[in-house]
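**Q** Pasting a structure here, questions to come.
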Amino acid sequence: MDIDDILAEVDDSTIPQETRDLQELTRTWVNERSAPELLPWPAELMDRVLERIRQQISLIEDRTSSTDPKSSFTLIILQTELERFKYLTRSLLRARLAKIDAFPLHTLTHAPTRALLSPSELQYATTHTAILHRHFQNAFLGQFPEGLRKMDDSSGGVNMVEGPDLEKAVFVRGRREAGVVIGGEGVGKEFLLGKGEVVVVRWGVVREVVGRGEAELI
Amino acid sequence: MALLLPPGLTPSETAFLCEMEMVTVIPRQRLEGLNLLGGPTPPLNPPYRTPLPLWLALLLKRQRRANILPPPWLSPHSLTAILDLEKSSPSFSPLPTLPAHTTTSPPFLPSATADAPPDALPYHWLELGEMLLEAASDDIAEPDTVRRLMRDLREVRMAKMRAGVGVLEGGQEVNMNGVGGMEVAEGRAFILGVVDGLRKIGASKEMSRREREAEERENGIMGGEEDEEDDMDM
């Protein structure tokens, strides 16, 4: 971390927490929508945002009882913004669900991926996989010979459990004043991604810098 | 229920993102400051200019409670200059110079307010321009000229995007500096499809190359020892 980044953080601290949370939520949403694999569950951020949404809903419910025409316009603004926030959180959750649904067994058996789930997502994935497995068992797997019934067979050198393609290309933008070094050992040519610069590159090359927040997907 | 959209923001999601950009409004009515979920908004006192997020500015504009002051780059003069710049270079025109010492990125940069730099297109230029032309064309000087220049710019830049596909190579990074949000959303499926396709074709070639290299390395380092072992065996 260099002086510019420290200054940037000092500058950011003058921005209200709510605004910073909106920016972080937006960035999390865009990253999650663009990355080929599941990203960490932002537990603290989501707790704050969901709590605020709850408060705003009850505030709006309280105010709806008054019939003052002036406050009714304020109410429209509050409701419009509430819907925007709800859309953002819902789209984030649904993007995560889509990834869990796409690779349920990988999500549950690959320990680093499993650790990225929120408690409710873990419950969903576990229950959903169990129901699906039971259904397959009753529908057709039960009639197969014993040796062919497994859903996660890896014998013969080919693993049945499919995971996301980490080498998919993504659009990345640099976020650090001094630039961020991308590539290096074993992942291709090394280059510097300056602030605001955009490149198309394999996800595997940038997943770490995106995880650290030094670059973002677009 | 799980999302059925492909990875990466779609054009309508990009427009949603763009609505978080700050614009400058001139209020026509008083409005107290509001405690929104995304932070407090300043109180509106006509005729003082106030920065507001685009979605709120559009809401006020539709109800004729405020006028939107278009960003300086959205004017015939600036757009003509930027168009000339775009035509003179094979890469996209550079993004506006960012205010120093902030890590925020679009849509949270002040690139569409009344004091934004007049000589560069910001990340969300296309969506923002279109939205303002649609909802607030009476606030924009010479809206028809602006509309025509926007269309010219879009065509010049789209041609660059298409020409850029020629340099796409499997495994290499592709520079896209200055690209706009909507341009990414529209071109994403094609560009990423080409990059991924080339990578898959190149992967088999790459693998055989690596295997050969590893073999050569192994032979180089291990060569002596192997000889010794062979000798001992004998």
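**Q** Using only alpha carbon pairs under 8 Å that are at least six residues apart, calculate the relative contact order of chain A and give it in whole percent.
**A** 21 percent
**Q** Under a crude label model (7 Å from the Cα following the beta-carbon direction), how far is A:LEU192 from A:GLU83 in nanometres?
**A** Output for this residue pair reads 4.7 nm.
**Q** Go ahead and set up a Gaussian network model of chain B, Cα springs under 10 Å, then flag whichever of B:SER89, B:SER208, B:SER137 fluctuates most.
**A** Looking only at B:SER89, B:SER208, B:SER137, the largest GNM fluctuation is found for B:SER208.
**Q** Any idea of the total accessible area buried by the A-B contact, 1.4 Å probe, rounded to 100 Å²?
**A** 5300 Å²
**Q** Rounded to the nearest 500 deg cm²/dmol, what is the calculated helix-only ellipticity per residue at 222 nm for chain B, with -39500 (n - 2.57) per DSSP H run of length n ≥ 4?
**A** Taking each H run of at least 4 residues, the total per residue is -17000 deg cm²/dmol.
**Q** Which of B:GLY187, B:GLY38, B:GLY164 ends up with the largest GNM mean-square fluctuation for chain B, with Cα atoms connected below 10 Å?
**A** Highest fluctuation among the options: B:GLY38.
**Q** For segment B:77-154, build the charge dipole from Cβ charges (+1 Lys, Arg; -1 Asp, Glu) around the Cα centre, then report which of B:LEU79, B:LEU153, B:PRO90 sits farthest towards its positive end.
**A** Going by the charge dipole, the pick is B:PRO90.
**Q** Ignoring ligands, DNA and RNA, what accessible area per residue does chain B give at 1.4 Å, in Å²?
**A** Heavy-atom accessible area per residue stands at 53 Å².
**Q** If you stretched the chain out fully between B:ALA159 and B:GLU213, how much longer would it get, using 0.36 nm times the residue separation minus the C-alpha to C-alpha distance?
**A** Going from the current span to full extension adds 15.4 nm.
**Q** I would also like to ask the following. Roughly how many nanometres apart are two label points built 7 Å out from the Cα toward the Cβ at A:LEU59 and B:SER12?
**A** Between A:LEU59 and B:SER12, the label points sit 2.9 nm apart.
**Q** Next up: About the Cα centre, and with charges only on the beta carbon of Lys, Arg (+1) and Asp, Glu (-1), how big is the dipole of chain A? Nearest 20 debye, please.
**A** 780 debye
**Q** When Lys and Arg each count +1 and Asp and Glu each count -1, what net charge do the other residues less than 13 Å away from A:GLU121, Cβ to Cβ, add up to?
**A** So the environment of A:GLU121 carries a net charge of +2.
**Q** While we're on this one: Evaluate E = 1/(1 + (r/R0)^6) for A:ALA139 and B:MET1, where r is the Cβ-Cβ distance and R0 equals 22 Å; express this FRET efficiency to the nearest 0.05.
**A** So, using R0 = 22 Å, E works out to roughly 0.45.
**Q** For a 21 Å ceiling on Cα separation, which of these pairs sit above it: A:LYS86/B:LYS61; A:LYS99/B:LYS205; A:LYS189/B:LYS87; A:LYS150/B:LYS200; A:LYS189/B:LYS200; B:LYS160/B:LYS205?
**A** A:LYS86/B:LYS61; A:LYS99/B:LYS205; A:LYS189/B:LYS87; A:LYS150/B:LYS200; B:LYS160/B:LYS205
**Q** Also, quick follow-up: Largest first, how would B:VAL146, B:VAL165 line up by accessible area (1.4 Å probe)?
**A** B:VAL165, B:VAL146
**Q** What do you reckon, how do A:ARG27, B:ARG49, B:ARG199 stack up by accessible area (1.4 Å probe), largest on top?
**A** Ranking A:ARG27, B:ARG49, B:ARG199 by accessible area, largest first, yields B:ARG49, A:ARG27, B:ARG199.
**Q** By the gyration tensor of its Cα atoms, with a ≥ b ≥ c the square roots of the eigenvalues, what is the shape of segment A:50-147: rounded for a/c under 1.5, prolate for a/b over b/c, or oblate?
**A** Since a/c reaches 1.5 and a/b is larger than b/c, the shape of segment A:50-147 is classed as prolate.
**Q** Here is a further query. For a distance above 23 Å, tell me the whole-number percent of Cα pairs in segment A:131-218 that qualify.
**A** So the pairs more than 23 Å apart make up 47 percent of the total in segment A:131-218.
**Q** Hey, with R₀ at 25 Å, roughly what FRET efficiency would B:ILE26 and B:ASP119 work out to, going by the Cβ-Cβ distance, to 0.05?
**A** 0.60
**Q** Counting heavy atoms of the protein chains only and a 1.4 Å probe, report the per residue accessible area for segment A:90-192 as a whole number of Å².
**A** Each residue of segment A:90-192 exposes 59 Å² on average to a 1.4 Å probe.
**Q** Calculate the FRET efficiency for A:ARG212 and B:ARG147 from the Cβ-Cβ distance with a Förster distance of 56 Å, rounded to the nearest 0.05.
**A** 0.85
**Q** Given the -39500 (n - 2.57) contribution per DSSP H run of 4+ residues, what per-residue ellipticity at 222 nm results for chain A, rounded to the nearest 500 deg cm²/dmol?
**A** Per the formula, -18500 deg cm²/dmol.
**Q** Rounded if a/c is under 1.5, else prolate if a/b beats b/c, else oblate: with a ≥ b ≥ c from the C-alpha gyration tensor eigenvalues square-rooted, which is chain A?
**A** It is oblate, given that a/c is not under 1.5 and a/b is not larger than b/c.
**Q** Cut-off 10 angstrom, C-alpha nodes, Gaussian network model of chain B. Which of B:PHE92, B:PHE16, B:PHE190 fluctuates the most?
**A** Sorting by GNM fluctuation, first place goes to B:PHE190.
**Q** Please compute the contact order of chain B in relative form: average sequence separation of alpha-carbon pairs under 8 Å and at least six residues apart, divided by the residue count, as a percent.
**A** RCO, chain B: 21 percent.
**Q** Put B:MET1, B:MET182, A:MET160 in order of accessible area, largest first, 1.4 Å probe: what do you get?
**A** Largest to smallest exposure gives the sequence B:MET1, A:MET160, B:MET182.
**Q** A:LEU75 versus A:VAL181, label points 7 Å from Cα toward the beta carbon: distance in nm?
**A** Reported label-point gap for A:LEU75 and A:VAL181 is 5.9 nm.
The values are calculated or read from the model by the stated rules, or taken from the named source; none is laboratory data. Worth saying up front: this structure is predicted, and the values here are computed from it rather than measured. Because the Cβ atoms are built from the backbone with ideal geometry, glycine has one as well, and the counts that use them run over all protein chains shown. Surface accessibility is based on the protein's heavy atoms, side chains included, excluding ligands, DNA and RNA. Shrake-Rupley method; radii C 1.70, N 1.55, O 1.52, S 1.80 Å.
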